[in-house]
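Taking it in order: structure first as structure tokens, then the write-up.
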Amino acid sequence: MAKGTITGKTNNDGISSKIVWESSVDVDANESNVTATLYYKRLNNYTTYGTGNFTLTIGSDKKTESKYITIKYGEWTEAITFATKVSHASDGAKTVEISAVGGIDGTTLSSTDCGASVTLDTI
């Protein structure tokens, strides 16, 4: 099982973001099942809350969700999670781009920049 954490940033220096992802292989289908979750955390003693719009992209697939969240100091808060299947090349190798964007209208969290290319287990 491949897994990892992608560290991101937001427009607000006091709010950190990250994507935690993991994958498991389906040998017969020559694909991986990939799950990714976007989290936020306050880095200072403030709280940000409201209904945000968040999008997680894994390869060519994406999920968008509107969700009410509360981001507290020192505590990671889940914003959105997404699972999809990713096909591998004929040699069994695969790298895939995982990224997230989002923000909460009317707050100091207006944008998120979090993403990276990750390598899945070779089948």
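The values are calculated or read from the model by the stated rules, or taken from the named source; none is laboratory data. As the structure is a prediction and not an experimental result, all values here were calculated from the model. Note that each Cβ is placed from the backbone with ideal geometry, even for glycine, and that neighbours are counted across all protein chains shown. When the accessible area is computed, the model is the full protein with side chains, heavy atoms only, and any ligands, DNA or RNA have been set aside. Shrake-Rupley method; radii C 1.70, N 1.55, O 1.52, S 1.80 Å.
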Would you kindly state how much longer the chain becomes between Ser111 and Thr51 on full extension, computed as 0.36 nm times their sequence separation minus their alpha carbon distance, in nm to one decimal? 20.2 nm
For region 14-32 and region 55-119, compute the distance between their C-alpha centroids and round to whole Å. 10 Å
Top positive-direction residue, dipole computed over the chain with Cβ charges, set Ala100, Ser24, Ala83: Ala100
Summarise the accessible area of the chain (1.4 Å probe, protein heavy atoms) by the percent that is carbon and sulfur. 44 percent
Counting only backbone N atoms under 11 Å from a point 7 Å out along Cα-to-Cβ of Ser60, the residues of region 82-123 in range are 87
Taking only protein heavy atoms and a 1.4 Å probe, what accessible area per residue, in Å², does the chain have with all protein chains in place? 52 Å²
What does a probe at Tyr68 reach in region 25-61, counting residues whose amide N is under 11 Å from the point 7 Å along Cα→Cβ? 50-52
16 Å cut-off, amide nitrogen to a point 7 angstrom out along Thr95 Cα→Cβ, residues in region 59-84: 59-60
For region 1-86, the count of lysine pairs 8 or more apart or interchain whose alpha-carbon atoms are under 18 Å apart comes to 14
Each residue of region 51-66 in turn: what ³J(HN,Hα) in whole Hz from Karplus with 6.51, -1.76, 1.60 and θ = phi - 60°, glycine and Pro shown as x? 8, x, 10, 10, 10, 10, 10, 10, x, 9, 9, 8, 10, 10, 9, 9
Tensor-based shape of region 63-123 (alpha-carbon gyration tensor, a/c under 1.5 rounded, otherwise prolate or oblate): prolate
In the chain, once you exclude exposed chymotrypsin sites (Phe, Trp or Tyr not before Pro) (DSSP loop, at most 16 other Cβ within 10 angstrom), what's the longest stretch remaining? 77-123
